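First up is the structure itself, then whatever we jot down about it.
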Amino acid sequence: MRRIALLLLIIGFSRMTPAQSRILVIGNSITLGTGSTSGTGWRQLLLDSLSTLGYVNEWVGPSGNDPIRGHFYPGQSIGAFYTGPGGTGTRDVAPSMNLYQPHIVVVHLGSNDIGGTDDIGPYSDDGGVSFNTQRVGGRLAQFIAYLLQWKNGTRGTFLREIYVCAVIPRIDIINDGRNPALGFYYTVVNIYSDAQNNRIPAIPRNSFRFVDQYHSIDPQTMLNADGLHPNDTGYSRMAKTFFGTLRGLAMLYDKTAGDGQRGRPGETLPQPLTVRVRNGYGSLLNNQPVFFEVVSGDAVFTDSQNPVLTTNGIASKSVRILSEGAVVIGATVHSTINRTLFFHVYGQDRIHVTGDVFYDAQDIRPVPNVRIEWVESGVPIDTTSPAGRFASTKIPFDEDFSIRPLKTPNEDVTENAILSYDAALVARHAVGLNLLDAASKIAADVNQDGKADLGDAIQIARYAVGYSPPTGVLTGAWTFTPSRQSFTTPGDTVRCDVFRARLIGDVSAGWRDPSVPKTGGWHVKSSARVWDDSLCVTLTVTGGGFLSADARIVYDPSGIRFLSAEKGEGLDGFQMLSHTPRPGEIRLGLFGAEERDNPVTAAWIFRHEGIPPDATVQILNLYVNDTAFPEQRIALNPDSSPALPDRPMLYANYPNPFNPGTTIPFALHRTDRVRLVILNAVGQAVRILEAGEMPAGRHELPWDGRTDSGQAAPSGVYVIRLETTETQVVRKINLIR
C-alpha cells in the first residue's frame, strides 16, 4: 500500500533565494568599518550575534566580501544614494534593491552631511507634506520615501523592514563648539515621530524603525584619533545596539503539532498542522497572516480562511486528504526571515504497528527472524530485522486485534547457546543451593511440568551434547513474554511493548551474550598418553567454583575407535554425558550441583591400530561453566611420556607483555614443593603463589596481575622467582596497564 506523504513547507518571503533572509546595509566608511582592527567594524559582530540565536540570514550587496556584503561607499553623503529631489544618484541603491531584493535594509547615513555647512534645520517647512532637501533631514526623509517604493508595491513588495539610524557623534565637530550630530539626532527623531502620527503622506505609519546610534557611542572613549570613526570598542557598542533592535523581528519558527501523523484518505487529519513564530527575545509574535496553498497532490483545507498568528504566536491549518498519493502544501508567513519547516504526515487505511523483540530483560540483544502473527487471521504481518524490529501496515483500521511472536525451535541457536552449565544451575536449584528467578525457571522447565528439577537438568545436559529432545521436551524452543498483545479500538499507530524472548534450556541467559567469552579463574591442561593399543586423552581443570564443562573432541577416526568417557579426579557426584554424532567427533558434557575447588579430570579412552607420527586430537568449543577457552591441540606421541628436565625450569610466560593476567609455565625434574614469588623493580615481593607439592613434569600457574592485598599491580617490569627446595630460577615479565 502506498503512503501519503504530506509536507508542510513554510516557504520564504521570496522565491528567489530559499531559506534565507536578505539584509542590505547602506552607509559610508563607518559601515565599511574604517579604523577597526578587523576592517569590518560592526558588521561581522552583528552577524555573529544573530547567528547565535539561530537566525538564518544572508547579507547582500555589491560592496565588501562574503558573508557581510552591503552597499557602502566611504565619503558619500545621503544624496548620492538616490535619485530625485536633493539626490545625485552617483551611488544609487536602486540597482542593488532590484538585483538582491533584500527583506531588511539598515541605513547609517549623514555623517558626511553634518560635517560641512549643510543646514541641520527641520526636514520640512510644511509639517511633513513636502521635504526641504536643502537640509540634511529633508534628504534623509526623501531617501526613506525612495526606499519605500520596494515595500509599497511601486517597485516591489519584498522589502519588509527599514532601519534608519541617528548617526554617531563626531568629536572633531564637538571640539569646534558645535554638535550637529545631536541636531541630526533630533531631526531623525522628529521624522520618526511624525510618521508614526501619520503626519507625513510619503512615509506612512510603521514604515521604518528608528535606531539610536548617537547615544550608543561615548565620543571621549569610543572614537579613533580622527574623531570620526569608532574604535573597536565603539564598533562593538554599535553592533550591540543594532542587535538589540533586530532581535525583536519575527525570525524563529518551529513545529508544535501535526508532525508524523497518519490518517485515512477522505478524513481530516486528527491534528492541525501548526507553526509557532517568535523573536530573539523569546516573545511570541501575533497578527501576522500565514498563507497555505496546495502545491501538488489531492488534498483540501477544511476552512477557506488563511490563519493569522494568535497572541501565543500560533497558526494552524486543518487538512483533509482526498485520495492516496503524495501531497505538498506550502505556507508563506509574512515576516522578516525565511525559514522552511517540514511536516511529514501519512494517509493510509491501515494501522501502523511497530515493536521490538529483545532477548531476556535487557535491550542489548535483538532477536531476528521472529515472525509476528496477526492472531485473529493467522496471517504473519512481519518478521523481525537483525535489529529485532518489526513494522506492519497490514491490519485494517477499526479492528480490534492481537499479535504474537513465533520462532522455529533451534532457529538462530548455535552449538554452545545451551551448555551443561545450564543443567548445573537447574540442579543447584533443585537441591536448594541457588534458587532461580522467575524468567530462569521458565527456561529451566523443559518438560513443561511446572517445576525445575533434576529431570529437567538431565534433558538440558543431553541437548548440550547434541541429543535431540524427546517428545514433550522443549529444549531449544523459543518462549516470549508476553505471549501476545491485544489492542481494543486502536488509533492509526500502535507501538507495542517489547516482547522478551527466552530460549528454553538457556537458564543462564547466555544466548549471544556480548560478555562471552568471559575471563575465568580456571586453568585448563590437556594431554594424551599412547601405549600398546590404547590411547587416553585427559583434560584437567584447576580453579575454584567448578560446576560444569563442555567440549567437542575431533580426531582422525581411521585406525582409532572411541571406547568410553571416564570421570576422573574430583568428579564424584557429577553427571557425565557423551555423544558421538559422527565418526571422528565426540561431544562431552559434565555437570554437578556442588562446586568443586580442587582439580578435576575427565578422560576419553580409545583403541588404536597404530598412531601416525603427526596425529593430533583437537578439543574444540571448550567451556568451563560459561567461560570459553581456546582450542586445545594435542600431539599423539606413541613414545610414551615426554622427557623430564634435569633441573627445575622456568619458561617464558604468555602473554608477555600482558594485561590483566598471564600464565607462568615451569617444569620439575622430580616431585618437589613449589612456589612462585612476583617481585617488583626494587625487589619487593608483591604476590606469592603457593603451589605446594607438585609431581615431576610440566606445570602452569596463572597470575591475575594483582598483589597479595587484592590490588591491581601497576604497570612495570616484574621478576618471577620459581622456588623449590633445592634451587631458585628467575625471569623478567612486563605488565602494561
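Assorted remarks:
- Local electrostatic count at A549 - Lys and Arg +1, Asp and Glu -1, tallied over other residues with Cβ under 14 Å: -1
- Averaging 1/r over each pair of different alpha-carbon atoms in segment 259-400 and inverting the result gives 18.2 Å, the Kirkwood hydrodynamic radius.
- Ranked by how many other Cβ atoms sit within 10 Å of their own Cβ, fewest first, the residues K407, K525 fall in the order K525, K407.
- Sequence of H108, H669 once ranked by neighbouring C-beta atoms within 10 Å, starting from the fewest: H669, H108
- A simple spin-label model places pseudo-atoms 7 Å from Cα toward Cβ; at A202 and F397 they are separated by 6.1 nm.
- Full-extension gain in nm, R371 to A696, via 0.36 nm per residue minus C-alpha separation: 111.0 nm
- Gyration tensor verdict on segment 150-301 (Cα atoms; rounded if a/c is under 1.5, prolate if a/b is larger than b/c, oblate otherwise): prolate
- Spatially proximal lysines relative to K567 (Cα-Cα < 22 Å; intrachain offsets below 8 disregarded): K525
- Mean Cβ count within 10 Å, highest first, over the residues of peptides 539-548, 427-436, 39-48, 482-491: 39-48, 539-548, 427-436, 482-491
- Evaluated at q = 0.12, 0.19 Å⁻¹: base-10 log I(q)/I(0), Debye formula over Cα of segment 589-737: -0.68, -1.29
- Ordering of 310-321, 193-204 by burial proxy (mean other Cβ atoms within 10 Å per residue, highest first): 310-321, 193-204
- Contact order normalised by residue count of segment 421-507, Cα under 8 Å, 6+ apart, percent: 35 percent
- Peptide packing for 498-509, 293-304 was compared via the average number of neighbouring C-beta atoms within 10 Å per residue; ordered from the highest value, the list is 498-509, 293-304.
- Ranking of I736, I458, I23, I720 by count of other Cβ atoms within 10 Å, fewest first: I736, I458, I720, I23
- Whether segment 22-246 is rounded, prolate or oblate, judged on the alpha carbon gyration tensor where a/c under 1.5 counts as rounded: oblate
- Straight-line reach from K317: taking Cα to Cα under 17 Å and skipping same-chain neighbours fewer than 8 places apart, the aspartates and glutamates in range are D254, D259, E267, E293, D298, D303.
- Across all directions, the average projected area of the convex hull around the alpha carbons of the chain is 51.2 nm².
- CD proxy at 222 nm, helix term only [per DSSP H run n ≥ 4: -39500 (n - 2.57); per residue of the chain; nearest 500]: -4000 deg cm²/dmol
- Centre separation in Å (Cα based) which lies between segment 31-104 and segment 597-625: 87 Å
Computed from the coordinates by the stated procedures, all read-outs in this text should not be read as laboratory data. Remember, it's a predicted structure, so these values are computed and weren't measured experimentally. Glycine also receives a Cβ, built like all others from the backbone with ideal geometry; neighbour counts cover every protein chain displayed.
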